[in-house]
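**Q** My questions all concern the structure below.
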Amino acid sequence: MHPTVERVTQRIVDRSRGARRDYLGRMEAMRQQSPQRSRLSCGNLAHGFAACQSGDKDTLKFMNKANVAIVSAYNDMLSAHQPYHRFPDLVRAAAHGMGSVAQFAGGTPAMCDGVTQGQPGMELSLFSRDVIAMSTAVALSHNMFDATVLLGICDKIVPGMLIGALSFGHLPTILIPSGPMPTGLPNKEKQRVRQLYAEGKVGREELLETESKSYHSPGTCTFYGTANSNQLLVEVMGLHLPGAAFFNPDTPLRDALTRAATEQVIRLSRPNGGQLGLADMVTEKSIVNALVALLSTGGSTNHTMHWVAIARAAGILIDWDDFAELSAVVPSLTRIYPNGQEDVNAFHDAGGTPFLIRELLSAGCLHDDVETVVGPGLERYTQMPVLKGERLVWQPVPDGSGNTGVLRGADDPFAPDGGLRVLGGNLGRGVIKISAVAPEYHRVEAPAVIFHDQNDLEAAFMAGELDRDCVVVVRFQGPNANGMPELHKLTPYLGVIQDRGYRVALVTDGRMSGASGKVPAAIHVYPEAARGGPLSRLRDGDRVCVDAIAGRLTVDVPEAEWRRRSAAIQALSENRHGLGRELFGWLRKEASTPEQGASFFWTHDA
C-alpha cells in the first residue's frame with residue numbers, strides 16, 4: 001500500500017472510532033433479529049403480503065427463504081431512470097428462480113440537474129438527496145425484507161439511497177445501474193455551440209438541436225459528471241457486480257447483469273446462510289477506495305459533500321483534508337469529458353472500471369482487503385462481464401488500454417496527482433478541481449466582481465462589463481441561503497471571457513459539480529455568506545487571489561478595514577417560495593456545512 005493511503009485510512013479509523021462502534025453495534029442488534037418478518041404479528045405479516053400471489057404468500061409465511069426489497073427511482077421523464085421500468089419484473093423473475101420473493105418496497109424521487117439547471121427547481125436539488133434517504137428508509141421500514149436492491153443512478157439519487165439503506169446496514173444490498181445512453185454529438189462540438197450561444201452568435205433553435213443530439217435516448221448523460229462518478233465509485237466500493245457500471249440500457253447483457261445481481265443478493269441473505277450486510281462492506285477502507293477512484297478520474301466535486309454524508313451514515317468521519325492528501329499522491333488515469341473530449345462509453349470501451357481498479361491496485365492506491373457483494377477482495381473487480389450465448393461470465397480486461405487518450409495505466413498517468421485541492425484563507429475554506437484547468441490559470445489574482453444571482457452575471461456579460469481580468473464572486477448560493485444550486489449556467493460565459501485573453505476565476509459558496517471545466521473555480525466556500533461568512537464582507541474591486549498551487553483563497557484588504565466591514569445583507573426573499581421551495585425552508589435552515597456533507601441529518605456541531 002502507498003504510505004499516504006495507509007496514513008489517511010488510519011487517521012479516518014482513529015477519528016471515527018466511537019461513531020463507527022456505535023453504528024456497528026446498532027446494525028448487529030438488528031442482525032440478531034433477522035429475519036425481521038419473524039417478529040411481525042400475524043396481522044402485520046398478513047398486511048405485508050396481502051397483495052402477493054398465492055405462491056409468494058406461502059413462501060413468505062416461512063422464514064427460510066429470502067424476500068428482496070426493490071427500492072426504485074424510476075420515472076419515465078428522465079432518461080437515466082426510464083430504463084428502470086423493466087427492472088422490477090426482471091428482479092422478481094430472478095428471485096422466483098432462486099425460490100425466493102421480491103417485493104417493490106417503495107419509490108424515491110429522482111430529479112435531474114440537467115432539466116433544472118439555472119431554474120428555481122435547482123434549489124431543491126441538493127436537499128433531494130436527504131429526502132431520497134428518508135424515502136428509502138420508509139420503504140425498508142416494514143421489516144419484511146432480507147436483502148435490498150437499489151435501482152438508482154443519478155446525482156443525488158445514489159448517495160441518498162445509500163444513506164437510507166445504511167440505516168438498514170444489516171441487510172445485504174446491491175445497487176443495480178441502468179447504464180449510459182449511447183454516444184451522441186461529440187462533446188467538443190456541443191461545447192463550441194454553447195459558447196457561440198453565450199456570445200449571441202447562434203440562436204436558441206440551433207442550440208436546442210445541438211443539445212438534443214447530445215442527450216438523445218434512454219440512459220445517463222455520457223459526460224463524467226456526478227451521475228457517472230456515482231457508478232464508478234459504487235463499483236470500486238464493491239457494491240455493484242464487477243464491471244456493471246457502464247453497459248448501455250435495454251441490452252441482453254444489461255438484463256443479464258440485473259438478474260445476476262438479484263441472485264447474488266439472495267445468496268448473501270441470512271435465509272441463505274449469508275452473514276454480511278451493507279454495513280460490513282461500507283468501511284473506512286472502502287470509503288478510502290471510493291475517494292481514490294474519484295480523484296484518479298477527476299470525478300464530480302459534488303462528492304466532496306455526498307461521500308462525506310454517506311460515510312457519516314456508516315459512522316465514518318472524513319473531511320476535505322483527507323481528499324486533498326490522497327489527491328496529492330493518486331495518479332490521474334483518465335481524461336473523460338469535461339476533463340477531456342471522450343465520454344464514458346469511450347472509457348468503458350478502453351477497459352473501463354475493471355482496468356482502472358487493476359491499475360490502482362498495482363500502484364498500491366486501493367485497499368484489497370475489503371468485503372464486496374461478490375466476496376472478499378477487489379480482484380474480481382478487475383474483470384469485465386460478457387455474454388457467451390445466454391451465459392454471463394467474467395473475463396480479465398486486456399493488459400493495455402484500448403484508448404490511451406481516455407484511460408491509461410499507472411505507469412503512464414495523465415498527471416501524477418488527482419487535481420483536487422483544498423483552499424483556505426481569509427475568505428473561508430473551499431475546494432477547487434484543476435483537472436481541466438491549464439497550468440497558467442492555477443493562480444489568478446484580480447479585482448472582484450460580485451453577484452448575488454447567476455442571472456445577473458449573464459446580464460453583465462452581455463453588456464460587456466466582464467471583458468477584463470476579474471474574479472467573479474457569486475455569493476448567497478450556499479445550502480443555508482438557497483439550497484446550494486449548481487451554477488453551470490456560468491460556465492460558458494466565464495469560458496468566453498478566458499478565451500478572449502482575460503484572466504478569470506470564480507469564487508462561490510454554491511456548486512459547480514463534475515461538469516466544471518477550464519476556468520478555475522473555488523466552490524463550496526464556507527462559512528457561507530448567508531451565515532455572515534467572509535464572502536459577505538467582500539466589495540466590488542477588492543483584490544482576490546485564487547491560488548490552487550499554494551492552496552490559498554484570500555482578499556488583499558488591510559486587516560483593520562476588514563474587521564470594520566459589516567456583512568452584506570441579502571434577504572433572498574425571492575428564493576423562499578415557488579416550485580416547492582416553501583416546503584424546504586427548514587432544510588435550508590438546518591443544513592450543515594459542505595465539509596460536513598451539507599445535510600440536515602447532522603448538525604453544525606456534529
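The values are calculated or read from the model by the stated rules, or taken from the named source; none is laboratory data. Not measured: the values here are computed from a predicted model. Don't worry about glycine lacking a Cβ; one is built from the backbone with ideal geometry, like all the others, and counts go over all protein chains shown.
**Q** Go through the range 402-417 and give me each residue that's outside any loop (DSSP other than H, G, I, E, B) and either more than 19 Å from N248 (Cβ to Cβ) or without any contact (Cβ under 8 Å) to a residue 60 or more places away in the chain (or both).
**A** Of everything in the range 402-417, just one residue is outside any loop (DSSP other than H, G, I, E, B) and either more than 19 Å from N248 (Cβ to Cβ) or without any contact (Cβ under 8 Å) to a residue 60 or more places away in the chain (or both), namely A415.
**Q** Are any of the residues in the range 538-561 among the charged types (D, E, K, R), in contact with a Phe, Trp or Tyr (Cβ under 9 Å, 6 or more places away or on another chain) and modelled with pLDDT of 95 or more?
**A** no
**Q** Now for a separate question. Enumerate the pairs (first residue in the range 271-287 and assigned by TED's automatic domain parsing to the domain that holds K61; second residue anywhere and among the β-branched types (V, I, T) and part of a helix (DSSP H, G or I)) with beta-carbon separation below 7 Å, excluding pairs fewer than 6 apart on the same chain, so at least 6 apart or on different chains.
**A** What qualifies is N272/I266; E284/T9; E284/I12; E284/V13; K285/T9.
**Q** Identify, by number, the condition in (1) crowded, with 20+ Cβ neighbours inside 10 Å; (2) assigned to a helix (DSSP H, G or I) that G169 doesn't meet.
**A** With (1) crowded, with 20+ Cβ neighbours inside 10 Å; (2) assigned to a helix (DSSP H, G or I) applied to G169, the lone miss is (2).
**Q** Could you grab me the full set of residues in the range 558-597 that are touching a residue at least 40 places away in the same chain (Cβ under 8 Å) and either among the β-branched types (V, I, T) or loosely packed, with under 10 Cβ neighbours inside 10 Å (or both)?
**A** Within the range 558-597, just T593 meets the criteria.
**Q** Taking the range 172-220, which residues are buried (at least 19 other Cβ atoms within 10 Å of the Cβ) and at positive phi?
**A** Answer for the range 172-220, where residues must be buried (at least 19 other Cβ atoms within 10 Å of the Cβ) and at positive phi: G179, G219.
**Q** Which pairs have Cβ atoms under 7 Å, sit 6 or more apart or on different chains, and link a residue in the range 418-429 that is in a strand (DSSP E or B) to one that is surrounded by fewer than 20 Cβ atoms within 10 Å (Cβ to Cβ) and β-branched (V, I, T)?
**A** That search, which allows pairs on different chains as well, returns G425/T554.
**Q** Same structure, new question: Within the bounds of the range 279-287, is there any residue that is buried (at least 23 other Cβ atoms within 10 Å of the Cβ), in contact with a Leu (Cβ under 6 Å, 6 or more places away or on another chain) and of a type in the set (V, I, T)?
**A** Looking for residues that are buried (at least 23 other Cβ atoms within 10 Å of the Cβ), in contact with a Leu (Cβ under 6 Å, 6 or more places away or on another chain) and of a type in the set (V, I, T), one finds none in the range 279-287, hence no.
**Q** Of everything in the range 436-447 that's modelled with pLDDT under 95 and assigned to a loop (DSSP other than H, G, I, E, B), which residue is farthest from the chain's Cα centre (by Cα)?
**A** A438
**Q** Out of A460, A446, A438, report the one residue that is touching a residue at least 40 places away in the same chain (Cβ under 8 Å), among the small types (G, A, S) and surrounded by 14 or more Cβ atoms within 10 Å (Cβ to Cβ).
**A** None of the other options fit; the residue is A446.
**Q** What number goes with the only condition from (1) at pLDDT below 95; (2) under 23 Å from the mean Cα position of the chain (by Cα) that F347 does not pass?
**A** Of everything listed in (1) at pLDDT below 95; (2) under 23 Å from the mean Cα position of the chain (by Cα), F347 misses just condition (1).
**Q** For V265, indicate whether it is more than 19 Å from the chain's Cα centre (by Cα), among the β-branched types (V, I, T), at negative phi and in a helix (DSSP H, G or I).
**A** yes
**Q** Sticking with this one: Select from the range 380-401 the residues that are in a loop (DSSP other than H, G, I, E, B) and in contact with a helix residue (DSSP H, G or I) (Cβ under 6 Å, 6 or more places away or on another chain) and list them in ascending order.
**A** Selection gives V397 alone.
**Q** Separate question: Conditions first: (1) of a type outside the set (F, W, Y); (2) more than 21 Å from the chain's Cα centre (by Cα); (3) under 22 Å from G315 (Cα atoms). L166 passes all but one, so which condition is the exception?
**A** (2)
**Q** Here's a follow-up. Limited to the range 60-78, what total is found for residues that are more than 30 Å from the chain's Cα centre (by Cα) and surrounded by fewer than 20 Cβ atoms within 10 Å (Cβ to Cβ)?
**A** 4
**Q** Here's something else I'd like to know. Could you tell me which numbered condition V474 fails, if it satisfies all but one of (1) of a type in the set (A, V, I, L, M); (2) touching a helix residue (DSSP H, G or I) at 6+ places or on another chain (Cβ under 9 Å); (3) under 30 Å from V330 (Cα atoms)?
**A** Every listed condition holds for V474 apart from (3).
**Q** Would you say D280 is part of a helix (DSSP H, G or I) and farther than 14 Å from V149 by Cβ?
**A** So D280 passes the test.
**Q** Residues to consider are L207, L239, L196; find the one that is in the same structural domain as A73 (by TED's automatic domain parsing) and either closer than 17 Å to E342 by Cβ or among the aliphatic types (A, V, I, L, M) (or both).
**A** After applying the criteria, what remains is L239.
**Q** Further question on the same structure: Restricting attention to the range 571-606, and to residues there that are farther than 17 Å from F476 by Cβ and among the acidic types (D, E), which single residue is modelled with the lowest pLDDT?
**A** Of everything passing the filter in the range 571-606, D605 is modelled with the lowest pLDDT.
**Q** Within the range 181-206, take every residue that is within 26 Å of N248 (Cβ to Cβ) and hydrophobic (A, V, I, L, M, F, W, C) and give me the one that is farthest from the chain's Cα centre (by Cα).
**A** Looking at the filtered set, the residue picked out is V193.
**Q** Does G118 count as surrounded by fewer than 23 Cβ atoms within 10 Å (Cβ to Cβ) and either in contact with a Phe, Trp or Tyr (Cβ under 6 Å, 6 or more places away or on another chain) or under 30 Å from K589 (Cβ atoms) (or both)?
**A** Taking the combined requirement at face value, the residue satisfies it.
**Q** In addition: Collect the residues in the range 51-108 that are assigned to a strand (DSSP E or B), touching a residue at least 60 places away in the same chain (Cβ under 8 Å) and under 14 Å from A147 (Cβ atoms), keeping them in residue-number order.
**A** N67, V68, A69, I70, V71, A102, listed by residue number.
**Q** Okay, moving on. Return the residues of the range 439-462 that are small (G, A, S) and either touching a His at 6+ places or on another chain (Cβ under 6 Å) or closer than 15 Å to R500 by Cβ (or both); say none if nothing qualifies.
**A** A446, A460
**Q** Another one. With G424, G409, G419, G430 as the choices, which residue is surrounded by fewer than 18 Cβ atoms within 10 Å (Cβ to Cβ) and among the small types (G, A, S)?
**A** Only one candidate passes the filter, namely G424.
**Q** Got a sec? Which strands (runs of 3 or more DSSP E) wholly within the range 448-531 have at least 2 residues that are within 23 Å of the chain's Cα centre (by Cα) and outside the structural domain of M305 (by TED's automatic domain parsing)?
**A** 504-508, 521-526
**Q** What number goes with the only condition from (1) closer than 30 Å to N248 by Cα; (2) exposed (fewer than 14 other Cβ atoms within 10 Å of the Cβ) that Q32 does not pass?
**A** The one condition Q32 does not meet is (1).
**Q** Something else about it: Report, by residue number, each residue of the range 269-278 that is crowded, with 24+ Cβ neighbours inside 10 Å and either of a type in the set (D, E, K, R) or more than 26 Å from the chain's Cα centre (by Cα) (or both).
**A** Within the range 269-278, S269 is the sole residue that qualifies.
**Q** Output the number of the condition that C470 fails; it satisfies all remaining conditions of (1) without any contact (Cβ under 8 Å) to a residue 60 or more places away in the chain; (2) more than 30 Å from I318 (Cβ to Cβ); (3) surrounded by fewer than 21 Cβ atoms within 10 Å (Cβ to Cβ).
**A** (3)
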